[in-house]
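What follows is a short report on a single structure.
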Amino acid sequence: MRRDVFQAIADPVRRDIIALLAEETLSVNAIAEKFDISRPAISKHLKILNECGIIDYNQIGRERLCLIQPQKLIPAFLWIKQYNKLWEDNIDAFENYINEIQNKTKK
């Protein structure tokens, strides 16, 4: 099965793992300790991230360190970025609506 970046970021646990690894390189055990799910479940998430190319492993002695490959997230970033203007327009419209309501209640 061919995996892509969108499959990787579809799961909230994997997004949390990506966020952790964006801050620092961690061992598999260190990552597992940060979650309230089983070690095998974390390993499964790491396997998917690795298959998508988002993380790579560096074996140092007995430890497997997980290294983020941020350039692999670029396709997702570019896809999301195309909707930036739409979101900004909607947020601006919502902010204007809230301001109108607040102004009416103050009068």
Next on the checklist: For the chain, set up a GNM with springs between Cα atoms under 10 Å and report which of 22, 32, 93 has the largest fluctuation.
Outcome noted: 93
Checklist entry - DSSP loop chymotrypsin sites (Phe, Trp or Tyr not before Pro) in the range 5-84 with at most 11 other Cβ atoms within 10 Å of their Cβ, which ones? => result 83
Checklist entry - What number, rounded to the nearest 500 deg cm²/dmol, is the helix-based mean residue ellipticity at 222 nm of the chain, given -39500 (n - 2.57) per DSSP H run of at least four residues and division by all its residues? => result -19000 deg cm²/dmol
Checklist entry - Taking 0.36 nm per intervening residue step and subtracting the Cα-Cα distance, what contour gain separates residue 87 from residue 39 on full extension? => result 13.5 nm
Item to check | Gained length - residue 78 relative to residue 51, 0.36 nm times residue gap less alpha-carbon distance | outcome: 7.7 nm
Next on the checklist: List the residues, sorted by chain then number, that are 5 or more residues from residue 27 or on another chain and whose placed amide H is less than 5 Å from its amide H.
Outcome noted: 66
Checklist entry - Counting only protein chains, not ligands or nucleic acids, how are 64, 3 ordered by accessible area (probe 1.4 Å), most first? => result 64, 3
Next on the checklist: From Cα pairs below 8 angstrom and at least 6 apart in sequence, can you work out the relative contact order of the range 42-104, rounded to a whole percent?
Outcome noted: 19 percent
Checklist entry - At what distance in nm do the modelled label points of residue 24 and residue 94 sit from each other, each positioned 7 Å from its Cα along Cα→Cβ? => result 3.4 nm
Checklist entry - Counting only protein heavy atoms, what percent of the accessible surface of the chain is carbon or sulfur at a 1.4 Å probe? => result 53 percent
Next on the checklist: Contact order normalised by length for the chain, with contacts defined as Cα pairs under 8 Å and 6 or more residues apart; what percent is it?
Outcome noted: 27 percent
Next on the checklist: Only Cα pairs within less than 10 Å get springs; with that Gaussian network setup on the chain, which residue of 60, 74, 31 has the largest fluctuation?
Outcome noted: 60
Item to check | Solvent exposure, largest accessible area first (probe 1.4 Å, DNA, RNA and ligands not counted), of 37, 68 | outcome: 37, 68
Item to check | At most 14 other Cβ within 10 Å, DSSP loop - GluC sites (Glu not before Pro), the range 2-107 | outcome: 24
Checklist entry - Residues of the chain: accessible area per residue at 1.4 Å, in Å²? => result 74 Å²
Item to check | Angstrom value of the Kirkwood radius, inverse mean 1/r, which spans all Cα pairs in the range 2-107 | outcome: 16.2 Å
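The values are calculated or read from the model by the stated rules, or taken from the named source; none is laboratory data. Note that the coordinates shown come from a computational prediction; the quantities given were computed from them, not determined experimentally. We place every Cβ from the backbone using ideal geometry, glycine too, and count neighbours over all the protein chains shown. For the accessible areas, the whole protein counts, side chains as well, though only heavy atoms, and no ligand, DNA or RNA atoms are used. Shrake-Rupley method; radii C 1.70, N 1.55, O 1.52, S 1.80 Å.
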